[in-house]
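The values are calculated or read from the model by the stated rules, or taken from the named source; none is laboratory data. The structure presented is a predicted model; accordingly, all values stated were derived computationally and were not measured. Note: ideal-geometry Cβ built from the backbone for every residue, glycine included; neighbour counts use all protein chains shown.
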Amino acid sequence: MGGEESMPIRLTVNGEAVTHVVPVRQHLVDFLRGTLGLTGTHVGCEHGVCGACSLRVDGVLVRGCLMLAVQAHGAEVVTIEGLDASGEIADLQQAFVERNALQCGFCTPGMLMAAAELLRAGEQQTRAAIREHLAGNFCRCTGYHAIVDAVSATLERRAHAGGKRV
Amino acid sequence: MSEKGRSSPLGQMSYLGQSVPRLGAKAAVAGRGRYTDDIQLPRMLHAAFVRSPYAHARIVDIDLAAARRHEGIHLVLSGRELAQRVTGPWVGTLSCFAGMKSAPQYPMAVERACWAGEPVAIVVGRTRAAAEDAAELIRIDWQELPAIAEKRAALAPHAPVIHAELGDNLAFRKAIDTGDVESAFAGADLVVEETFEFARHTGVSLEPRSLLATYDKATGKLTIITSSQCPHMIQRVFAETLGIPDHNVQIIAPDVGGSFGLKIHTYGDEVATVAAAIELGRPVKFIADRLESFVSDIHARENSVTARIAVKRSGEILGFDVDVLSGAGAYSQYPRTSVFEANQILNVTGGPYRHRHYRGRASVVYLNKAPSSQYRAVGHPIGNAVGEHLVDQAAYRLGIDPIEMRRRNVFADDAYPSLSASGIKLKDLSHQRCLDLLVRRMRYDELRREQDEMRLAGIQRGIGIALFIKGTSPGPLGYYGSGGAPISLQDACVIKLEPNGGVICAVGVTEQGQGTNTIMGQIAAGALGVPIEAVRVISGDTDAVPYGGGTFGSRAAAIGGEAVLQAARALKEEILAIASELLQADPARLEIVDGSVVDAAGTRRLPLAEIGRICHFQLGELPAGRQPVLSHTRRFRLVEDLYIFANGVHGAYVEIDTDTGFVRLLQHWVVEDCGRLINPQLADEQVRGGCVQGIGGALYEHLIYDAAGQLSNGTLADYLVPMAAEMPEIDVAHVETPSSLSELGAKGVGESGTGAAPAAVMNAVNDALRPFAARVTSQPITPETVLVALGKI
């Protein structure tokens with residue numbers, strides 16, 4: 001790390017205990033991608049606008065580019081890889097594939113992280129409300145329509161299946 | 001027979017017209033996409049750049065010593081030092097553009113920087129952070145020079161000239177003059193004239209430009225992993241610029257996180273990164289950050305247009321007269337140039353209509369801004385917005401409904417081939433059917449009634465219609481080919497039967513998420529008669545695919561798809577010839593269905609796995625004279641036509657808040673004729689995504705430069721892009737008129753949404769503003785634009 005100031009951190013990432021020494025200026029997303037190889041979280045703007053780096057930290061949706069790795073000390077971090085492995089959003093992922101709610105796929109992990117928050121709330125949502133909820137995630141490819149379809153269909157299926165899962 | 005298959009003239013079992021799920025989507029939703037920045041190589045280093053802070057300035061002195069001493073730094077090069085490591089400068093002209101001129105350009109500024117953001121020095125370090133730290137230690141003594149940031153000022157008599165050797169700031173001038181425009185306008189019952197402004201945009205792919213280069217000094221092999229649409233073109237550019245033979249340069253485009261045309265170009269920072277990898281013999285990665293993307297990715301649009309339409313009282317359009325001033329950047333982009341936007345505006349304005357008198361003039365000027373070049377739907381958003389605005393205004397003044405006005409003037413569906421007044425060949429279009437279908441989908445008459453009712457309630461809604469033609473699939477007799485650019489305008493497929501009966505289909509066109517690989521698999525599987533699961537499509541690796549132009553200009557389906565169709569047919573022919581020998585049967589009475597050779601009675605006689613096994617392993621079972629090849633290459637190009645043209649029509653429904661000036665998009669409709677529809681779902685989503693990109697330009701996107709040539713909104717927080725909450729639901733329908741230029745009949749669908757949506761939205765806004773006698777003719781249509789039009793500010 002050269003002359004850079006660094007600090008040890010201990011955190012949980014996708015359920016796994018992780019200990020590392022990180023530069024104090026390193027962003028959480030860079031730590032996850034570069035050091036842990038969790039490349040599903042993407043970096044789109046590095047100033048907190050595009051949502052590509054969305055993560056779940058202690059149950060809350062955060063931007064991985066606006067949080068330092070050292071700030072995640074003691075935290076529980078879930079990335080798209082963790083969501084995928086747990087099966088929490090398997091139905092949503094399936095709906096994205098069926099509805100072709102992704103093209104280049106670069107925004108998709110962040111979009112899924114954001115949509116997962118809506119699914120966890122367990123409420124039915126209007127299309128406008130879904131759009132509002134996803135308004136912090138930039139997608140240059142799809143025009144959003146198919147994404148709204150996929151999220152809406154998943155919410156509906158869950159409602160018919162008896163409300164909340166997870 | 002697979003459930004997904006169905007009979008079609010294009011294959012015994014065809015997947016054409018089926019919404020087959022897209023390959024690769026499952027990996028992406030699991031976070032297992034593999035983009036360039038996801039790849040780490042052993043001993044990999046990272047590049048960062050010093051960029052010019054000035055729009056125009058001389059480099060008096062550059063001191064790299066402190067950066068070179070910085071810990072973890074492996075290489076620092078100035079522009080001059082890099083220039084010594086590359087072959088001569090680029091000149092971004094094409095010989096087909098008579099009189100065009102551009103200044104020589106090196107990958108990084110040597111003596112002068114000509115735009116704010118031009119790379120000036122490269123720093124390669126152990127980490128990106130270390131490289132950026134060292135970059136801050138580079139001291140440059142700048143002498144600021146006068147900058148030209150406004151295109152009208154660029155041609156003023158005493159304007160500073162950006163490149164003295166060019167004599168002035170004019171890049172290119174073009175004129176088209178057909179019929180007798182003066183007489184047509186003099187004799188018209190009505191002439192409507194308007195001036196328009198279209199702002200400068202950039203592509204904003206969510207994945208920025210990304211490149212990872214590695215050079216093997218022992219073998220001389222250069223490998224470049226990069227987010228590119230055109231691997232072979234960029235192979236040629238890197239090879240010639242760095243003096244390495246093309247065939248020793250491998251370009252790999254892994255998953256590409258959006259491109260939209262911005263990843264078909266040559267970028268100096270990428271060349272510098274590759275040069276550093278060669279010099280160091282170590283992998284070097286460069287990932288543009290968002291701020292440098294805004295000042296170094298190609299820009300587009302930025303046009304002022306003055307245009308008029310001449311019509312008869314009957315609504316008959318007599319002619320258009322269009323004058324375009326196009327603001328390029330500091331250099332014409334190599335090798336595709338920066339003049340296509342203006343060229344295409346002249347080609348397509350008024351293109352759906354039968355008028356016979358057309359004058360188009362365009363001037364393209366250099367500015368001290370980032371170079372501009374081809375970006376999704378080149379020129380079409382502007383040409384369509386201008387033409388369709390004038391048609392609407394003429395219709396209103398004549399008291400003719402906008403739909404009816406268009407019906408009276410479009411080329412009839414049975415009138416092809418035709419020649420447009422601008423001189424382009426039109427074939428296989430369907431404006432009449434598209435209009436009819438749009439009217440039904442929109443419930444146009446009901447919508448008009450609703451609009452009237454809303455007006456009574458003080459709610460201002462507008463309906464906008466925009467017809468379009470979209471040039472796709474450029475042919476080799478067109479600009480790049482005849483102009484001398486190293487860009488292949490044919491494309492190719494190598495298709496092979498493997499021992500297990502599986503099929504490998506390698507294509508020169510590329511995938512950026514639109515589903516290229518999927519539709520190539522559909523075409524191959526259908527033509528060959530195998531289940532789609534038996535086909536694997538390979539693209540985006542110059543070591544693995546036949547030479548091709550890649551994906552741009554909505555060409556992948558039309559050009560690459562036809563090559564796949566022909567290659568698959570050739571493979572099928574050989575398989576049936578071999579089967580006829582093995583089965584002692586007439587090949588004409590054999591067919592391949594669901595992966596097996598069947599006879600005329602439909603009985604399965606020989607699975608392809610058996611043919612694969614025999615032809616690769618048990619060759620003794622074949623007649624002595626039969627040497628199987630089972631690998632076929634076919635290439636396809638347009639022979640005479642410069643483009644294939646697609647067409648369609650958009651409808652927009654908007655609501656204006658006359659107090660705030662906000663435009664709310666209520667609904668958008670598209671009827672599209674992209675020829676043979678290969679995968680309806682993928683086509684629909686191309687249209688929807690394209691529309692939203694066009695709407696971004698119509699309402700939000702604007703690279704704002706100040707008079708000194710400084711970009712004042714180069715962040716994603718300040719450069720507004722369309723987000724989910726503001727975007728409308730988009731209804732998409734198709735009319736299917738196969739292109740007569742290929743057997744497949746595909747025309748291309750990727751850009752037309754972007755090309756036509758701005759016209760429909762602007763027309764809808766103006767329709768809403770009609771009661772106030774207000775009009776907007778500049779894009780983006782911001783709340784301020786609307787309030788100014790209303791006279792409220």
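Beta carbons closer than 6 Å, at least 6 apart along the sequence or on distinct chains, pair a first residue in the range B:492-511 that is touching a residue at least 40 places away in the same chain (Cβ under 8 Å) with a second that is basic (Lys, Arg) and assigned to a strand (DSSP E or B) for B:492/B:635; B:493/B:634. When we screen B:767, B:718 for residues that are among the acidic types (Asp, Glu), surrounded by 20 or more Cβ atoms within 10 Å (Cβ to Cβ) and either more than 14 Å from chain A (Cβ to nearest Cβ) or not in a strand (DSSP E or B) (or both), the only hit is B:767. Yes or no: residue B:675 away from chain A (no Cβ under 14 Å) and under 16 Å from residue B:750 (Cβ atoms)? Here the answer is yes, as residue B:675 does meet what is asked. Which residues, counting only those in the range B:95-147, are at positive phi and within 14 Å of chain A (Cβ to nearest Cβ)? Listed by number, the list is empty, since nothing qualifies.
Do we find that residue A:110 is surrounded by 20 or more Cβ atoms within 10 Å (Cβ to Cβ), within 12 Å of chain B (Cβ to nearest Cβ) and farther than 25 Å from residue B:680 by Cα in this structure?
On the way: surrounded by 20 or more Cβ atoms within 10 Å (Cβ to Cβ): yes; within 12 Å of chain B (Cβ to nearest Cβ): yes; farther than 25 Å from residue B:680 by Cα: yes.
Judged against the criteria, residue A:110 is a match.
Per-residue answers, yes or no, for (1) free of Cβ contacts under 8 Å to residues at least 12 places away in the same chain; (2) farther than 27 Å from residue B:245 by Cα; (3) surrounded by 24 or more Cβ atoms within 10 Å (Cβ to Cβ):
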| position | (1), (2), (3) |
| --- | --- |
| B:270 | no, no, yes |
| B:276 | no, no, yes |
| B:281 | no, no, no |
| B:285 | no, no, no |
| B:296 | no, yes, yes |
| B:308 | no, yes, no |
| B:315 | no, yes, no |
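Criterion applied to A:30, A:91, A:84 was being within 29 Å of residue B:715 (Cα to Cα) and assigned to a helix (DSSP H, G or I), and the one residue passing it is A:30. Within the range A:52-81, the set of residues being more than 9 Å from every other protein chain (Cβ to nearest Cβ) and of a type in the set (Gly, Ala, Ser) comprises A:54, A:59, A:64, A:69, A:72, A:74, A:75. Among the residues of the range B:94-122, the ones that are more than 15 Å from residue B:265 (Cβ to Cβ) and of a type in the set (S, T, N, Q) come to 1 in all.
When B:709, B:748, B:648 are checked against the criterion of being more than 9 Å from chain A (Cβ to nearest Cβ), in a loop (DSSP other than H, G, I, E, B) and either over 22 Å from the mean Cα position of the chain (by Cα) or under 30 Å from residue B:783 (Cβ atoms) (or both), a single residue qualifies: B:709.
Number of residues in the range B:689-716 that are out of contact with any strand residue (DSSP E or B) (no Cβ under 9 Å at 6 or more places or on another chain) and among the β-branched types (Val, Ile, Thr): the value is 1. When residue A:73 is tested against (1) over 23 Å from residue B:26 (Cα atoms); (2) surrounded by 19 or more Cβ atoms within 10 Å (Cβ to Cβ), only condition (2) is not met.
Screening residue B:445 with (1) crowded, with 20+ Cβ neighbours inside 10 Å; (2) outside any loop (DSSP other than H, G, I, E, B) gives one miss only, at (1).
The condition of being of a type in the set (A, V, I, L, M), more than 7 Å from every other protein chain (Cβ to nearest Cβ) and within 26 Å of residue B:753 (Cα to Cα) holds for only one of A:121, A:150, that being A:150. Here residue B:228 passes the criteria (1) in contact with a strand residue (DSSP E or B) (Cβ under 7 Å, 6 or more places away or on another chain); (2) surrounded by fewer than 24 Cβ atoms within 10 Å (Cβ to Cβ) except the one numbered (2).
Against the conditions (1) in contact with a helix residue (DSSP H, G or I) (Cβ under 9 Å, 6 or more places away or on another chain); (2) surrounded by fewer than 18 Cβ atoms within 10 Å (Cβ to Cβ); (3) modelled with pLDDT of 95 or more, residue B:457 satisfies every one except (1).
Of all residues in the range B:606-615, none are touching a helix residue (DSSP H, G or I) at 6+ places or on another chain (Cβ under 7 Å), under 30 Å from residue A:143 (Cβ atoms) and either in contact (Cβ under 8 Å) with a residue 12 or more places away in the chain or outside the structural domain of residue B:692 (by TED's automatic domain parsing) (or both).
Return a yes/no flag: does the range B:23-44 have any residue that is at pLDDT below 95 and either within 14 Å of chain A (Cβ to nearest Cβ) or surrounded by fewer than 21 Cβ atoms within 10 Å (Cβ to Cβ) (or both). Within the range B:23-44 (the criterion being at pLDDT below 95 and either within 14 Å of chain A (Cβ to nearest Cβ) or surrounded by fewer than 21 Cβ atoms within 10 Å (Cβ to Cβ) (or both)), the answer is yes, since at least one residue qualifies.
Remark: residue B:129 matches the filter, which requires a residue to be closer than 26 Å to residue A:25 by Cα and either in contact with a Leu (Cβ under 7 Å, 6 or more places away or on another chain) or modelled with pLDDT of 95 or more (or both).
The set of residues from the range A:34-46 being in contact with a strand residue (DSSP E or B) (Cβ under 9 Å, 6 or more places away or on another chain), at the interface with chain B (Cβ under 8 Å from one of its Cβ atoms) and over 13 Å from residue A:80 (Cβ atoms) comprises A:43, A:46. Could you check the range B:727-780 and list, in sequence order, the residues that are basic (Lys, Arg) and either more than 19 Å from residue B:465 (Cα to Cα) or out of contact with any helix residue (DSSP H, G or I) (no Cβ under 9 Å at 6 or more places or on another chain) (or both)? B:747 - this is the single residue of the range B:727-780 that is basic (Lys, Arg) and either more than 19 Å from residue B:465 (Cα to Cα) or out of contact with any helix residue (DSSP H, G or I) (no Cβ under 9 Å at 6 or more places or on another chain) (or both). With respect to the conditions (1) under 26 Å from the mean Cα position of the chain (by Cα); (2) part of a strand (DSSP E or B), residue B:116 lacks only one, and its number is (2). In the condition set (1) of a type outside the set (A, V, I, L, M, F, W, C); (2) within 28 Å of the chain's Cα centre (by Cα); (3) over 23 Å from residue B:381 (Cβ atoms); (4) loosely packed, with under 15 Cβ neighbours inside 10 Å, residue B:169 is compliant with all but (4).
Here the strands (runs of 3 or more DSSP E) wholly within the range B:226-317 that include at least 2 residues being under 28 Å from residue B:381 (Cβ atoms) are B:299-311. Residues of the range B:276-301 that are among the small types (Gly, Ala, Ser) and either touching a Leu at 6+ places or on another chain (Cβ under 6 Å) or on the phi > 0 side of the Ramachandran plot (or both): B:276, B:281.
Here is the figure for the range A:1-27: residues that are outside any strand (DSSP E or B) and more than 13 Å from chain B (Cβ to nearest Cβ) total 1. The sole residue among A:84, A:58, A:91 that is surrounded by fewer than 22 Cβ atoms within 10 Å (Cβ to Cβ), closer than 23 Å to residue A:30 by Cβ and touching a residue at least 24 places away in the same chain (Cβ under 8 Å) is A:84. The residue of the range A:94-107 that is nearest to the other protein chains (Cβ to nearest Cβ), among those that are part of a helix (DSSP H, G or I) and touching a Ser or Thr at 6+ places or on another chain (Cβ under 9 Å), is A:96.
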